[in-house]
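The values are calculated or read from the model by the stated rules, or taken from the named source; none is laboratory data. Keep in mind the model is a prediction, meaning the values are calculated, not measured. Heads up: the accessible areas ignore ligands, DNA and RNA and are worked out on the full protein's heavy atoms, side chains in. Shrake-Rupley method; radii C 1.70, N 1.55, O 1.52, S 1.80 Å.
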Amino acid sequence: VSVTHHPDDTILSAYAAGSLRPGFDIVVAAHLEGCAHCRQAVRVFEQAAGGMLGLSDPAVMDPDALPHLMARIDREPEPAAFVAPVLDTRPLVQRLPVGRRRWLAPGVWVQNVQVPHAREDRVYFLRVGAGIKGINHGHSGPEFTAVVSGALRDGDTVLRAGDFCERGEEHEHQPVVEPDDGGCLCLAATQGSLQARDWMSRVIQMVAGV
Ligand SMILES: [Zn+2]
């Protein structure tokens, strides 16, 4: 697998600092699992953040570094004593707690990923069969997508398994699953249930129109 589309440094440094929204964290983590390049970048950002705490000149310190670190420490669960960890070596995307698959059209289903600690985030798998066009949608917030398998075309960009894509809120786009790619499975995160409902209704509407 050759990964060609990566999260930018802003996203990776926010991930390293623990300041991404939890739902978006999951999508970045899914990309990192298959991308040594980005894992290395995250390590560098983590080391840089750690190094900053040792600086004596407060003017050099990123004013956000300490709040980020404290937030991360706050989020870290207490280690459970005397409980041997169960080693689960499956890929992250197979370990995520998911709800029921909901079929929207032949070849198209959505499966919610449960993110109980961040209910405003919407994380879901979207499976689209080969040759389906017109999954046109806009969003009122950012959208992160990690391609799990297959490929999809979004404008001039072809995203393949392992690739990552961020779309801003202004972006209206129409990804297309190529007829010869055997369908595409994506893991995506958006923020806010209201626009997600709107998004879903658009998907149903557009897919029904194919
Ligand atoms: Zn990467």
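With a 1.4 Å probe and every protein chain left in place, tell me how much accessible area residue 121 has, in Å² to the nearest 10.
Residue 121 has an accessible surface of roughly 10 Å² with all protein chains in place.
Quick one: which residues, 5+ away or cross-chain, put their amide H under 5 Å from the amide H of residue 122? H built at 1.01 Å from N.
190, 191, 192
Could you give each residue of segment 114-122 its phi-based ³J(HN,Hα) in whole Hz, using Karplus coefficients 6.51, -1.76, 1.60 with θ = phi - 60°, and x for Gly or Pro?
Coupling constants for segment 114-122: 6, 10, x, 8, 8, 6, 7, 7, 10 Hz.
Probe radius 1.4 Å, ligands and nucleic acids left out: which of 9, 156 has the largest accessible area, and how do the rest follow?
Details: 9 95, 156 155 Å².
Result of the area sort, largest leading: 156, 9.
At 1.4 Å probe size, put 117, 31 in order of accessible surface, largest to smallest. If you can, show how the numbers build up before the last one.
Details: 117 140, 31 5 Å².
Greatest to least solvent exposure: 117, 31.
If I stretch the segment between residue 19 and residue 43 completely, what's the gain in nm (0.36 nm per residue apart, minus their alpha carbon distance), one decimal?
Working: separation 24, 0.36 × 24 = 8.64 nm, distance 1.52 nm.
Once the chain is fully extended between residue 19 and residue 43, it gains 7.1 nm.
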